[in-house]
Amino acid sequence: MSVIIDIADDGHITATHNSGQVLWEQQVDESRFEEPLDESIALFVEDAVR
């Protein structure tokens, strides 16, 4: 199974299966994450999708 994670500049995160089905999405406030943002947000998404 392949999943595409899209993190938009406005804080909208979407996890989409390669078939096009949206598996998970959420709007987040970037201020709740510590720097570096990429790693913090990636860990958040990984935990949320499990």
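Here, each number is a calculation from the coordinates, and none is a lab measurement. The structure presented is a predicted model; accordingly, all values stated were derived computationally and were not measured.
What to note about this one:
- Principal-axis tilt of helix 37-49 within the chain, Cα atoms, nearest 10 degrees: 40 degrees
- Restricted to Cα atoms, the chain shows a radius of gyration and a Dmax of 10.9, 33 angstrom.
- Report summary: the helix-based calculation at 222 nm, which adds -39500 (n - 2.57) for every DSSP H run with n ≥ 4 and divides by the residues of the chain, gives -8000 deg cm²/dmol.
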